[in-house]
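Here's the structure we're looking at; comments come further down.
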Amino acid sequence: MPNTIDSQQPESPIHSTRGVQGFFGQLGPGLVTGAADDDPSGISTYSVAGASLGYGTLWTALVSFPLMAAVQLMCARLGMVTGCGLASVIRTRYPRWVLWLACALVIPANIFNIGADLGGMADAMQMMTGIRSYVWTPFFALIILVLMVWMSYRTMARIFKWLTLVLFAYIIAAFLAHPNWKLALHSTFIPHVEWSKAYISVLVAILGTTISPYLFFWQAAQEVEEDRDHGKLTVKQRKGSTNAELRASRRDVITGMLLSNVVMYFLILTTAATLNAHGMKDIETAKQAAEALRPLAGSGAYWLFTIGMIGTGMLAVPVLAGSCAYVIAEGARWRGASLNLQPRLAQKFYGVIGASIIVGLALDFTGINAVKMLFLSAVLNGLLAPPLVIIVVLLTSDKKVMGNRVNSKMMKCLGWACAVIMAAAAVALCVV
């Protein structure tokens, strides 16, 4: 296969990044992907971490940010340079069993996560309205499904982008909680690790909800969707990216991953400063965390925490369902696998989206404790992510795939470090 980009290719025009408006205007798939990572499952995971271990896991934000950013940058560049999604590239480069193994790793975890997120959103609405959560679960599922099916990609991308602002609610809530900043900074820069089942499970959950497999497929697919939205309808038209386009993507991805990890940090900080500091260490869910916050940090922190769960769920569930559809459609070589197309032109693609949401919804009515699913889904992602990280690193280091846009030595080191650290944590959880 020839190089996928000509180094002499002229630079594409990139909008000005001067000023806050210009910078925000250039952000897109990377920002949305990073924000979707802080879904109700993530919020519950970070709440459990802060409540049970106090400030002890704040240091993980410093470790997870460069690892997460490196993997997502690889996925973004893979989509931009090849003009194809991650599952499509796996299909063309590796035996079919590798592709379907990747599908088997990500799809069940996604559906489990959808059920957990819908349940978390419904619980949040029950706290706000007093109406039972089983009424809100199908309501949110229906609203999300209708929006995904009938909204244009451009409109949906714009809404997703503005939804990311809801994450700042958690940063504000942290300041309302009045944390011990001296102890927090000490725990941030001097890691504390315990060799216990409780600590390792929380660590695996943090890594799993931060560096989640579904984000890999979504990131690459959204870079392809952006090209489709700009009129590049064939793989040949999309293949290759200029230096300016790659720089813009790098800013977008790093901004999104930074936002994700900053929110993670402040969520742990909030619950450590309130729940753990007052002896409430057995919190299992974000719902319990929000309810406990009200007498400790005031109604302001309570409402910010609760509203944030609903907003992040509205962002995360479409990403989870969409990534399921991209994985299956690209793996099976379906024509019309795009959110840019109307449903009648991509019936099977939208069918997978609908089925993913419906099955996820059904999980909430099977008697499975939906709130516990939030934390368990994060642990599951932590166990499944290492092999997919390895595949991403290998593909983006392959000249037959990336041409002269292969990973730098630093990127490869970060990618392998991510796989090793997550695999080591998963093994530790199994043996401790």
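The values are calculated or read from the model by the stated rules, or taken from the named source; none is laboratory data. These numbers come from a predicted model, not from an experiment. Here the Cβ is made from the backbone with ideal geometry for all residues, glycine too, and neighbour counts use every protein chain on show. Ligands, DNA and RNA are excluded from the accessible area calculation, which covers all protein heavy atoms including side chains. Shrake-Rupley method; radii C 1.70, N 1.55, O 1.52, S 1.80 Å.
Annotations for the structure displayed:
- Residues of the stretch 398-415 classified as touching a helix residue (DSSP H, G or I) at 6+ places or on another chain (Cβ under 6 Å) and part of a loop (DSSP other than H, G, I, E, B), total: 3
- Consider the stretch 50-80 and keep the residues that are under 18 Å from the mean Cα position of the chain (by Cα) and over 30 Å from Asp227 (Cβ atoms). The one that is most open to solvent (accessible area, probe 1.4 Å) is Leu62.
- Thr155 vs. criteria open to solvent by less than 70 Å² (accessible area, probe 1.4 Å) and out of contact with any helix residue (DSSP H, G or I) (no Cβ under 8 Å at 6 or more places or on another chain): yes
- Any chance Ala102 is modelled with pLDDT under 85, more than 14 Å from the chain's Cα centre (by Cα) and part of a helix (DSSP H, G or I): yes
- Some residue of the stretch 70-77 being on the phi > 0 side of the Ramachandran plot and of a type in the set (Gly, Ala, Ser): no
- For the stretch 233-246, the candidate set comprises residues that are in contact with a helix residue (DSSP H, G or I) (Cβ under 7 Å, 6 or more places away or on another chain) and charged (D, E, K, R); within that set, the residue that is surrounded by the fewest Cβ atoms within 10 Å (Cβ to Cβ) is Lys239.
- Odd one out for Glu223, checked against (1) modelled with pLDDT of 90 or more; (2) touching a Pro at 6+ places or on another chain (Cβ under 8 Å); (3) charged (D, E, K, R): (1)
- Residues of the stretch 342-360 that turn out to be among the aromatic types (Phe, Trp, Tyr) and within 14 Å of Ile144 (Cα to Cα), as a count: 1
- Any hit, the stretch 317-331, residues being among the aliphatic types (A, V, I, L, M), open to solvent by less than 30 Å² (accessible area, probe 1.4 Å), modelled with pLDDT under 85 and in a helix (DSSP H, G or I): no
- Count - residues of the stretch 53-75 that are touching a Leu at 6+ places or on another chain (Cβ under 9 Å), more than 20 Å from Asn381 (Cα to Cα) and of a type in the set (Gly, Ala, Ser): 1
- Answer residue from the stretch 178-227, given it is part of a loop (DSSP other than H, G, I, E, B), among the hydrophobic types (A, V, I, L, M, F, W, C) and open to solvent by 10 Å² or more (accessible area, probe 1.4 Å) and is farthest from Leu73 (Cα to Cα) among those: Trp195
- With respect to the conditions (1) at pLDDT 85 or above; (2) out of contact with any Pro (no Cβ under 6 Å at 6 or more places or on another chain); (3) of a type outside the set (D, E, K, R); (4) open to solvent by 10 Å² or more (accessible area, probe 1.4 Å), Val401 falls short on a single one, namely (4).
- Residue count, the stretch 81-108 (criterion: of a type outside the set (A, V, I, L, M) and buried (at least 22 other Cβ atoms within 10 Å of the Cβ)): 5
- Qualifying residue in the stretch 247-265 (condition: touching a Leu at 6+ places or on another chain (Cβ under 8 Å) and open to solvent by 70 Å² or more (accessible area, probe 1.4 Å)): yes
- Within the stretch 334-368, being of a type in the set (Lys, Arg) and under 17 Å from Cys103 (Cα atoms) holds for one residue alone: Lys348.
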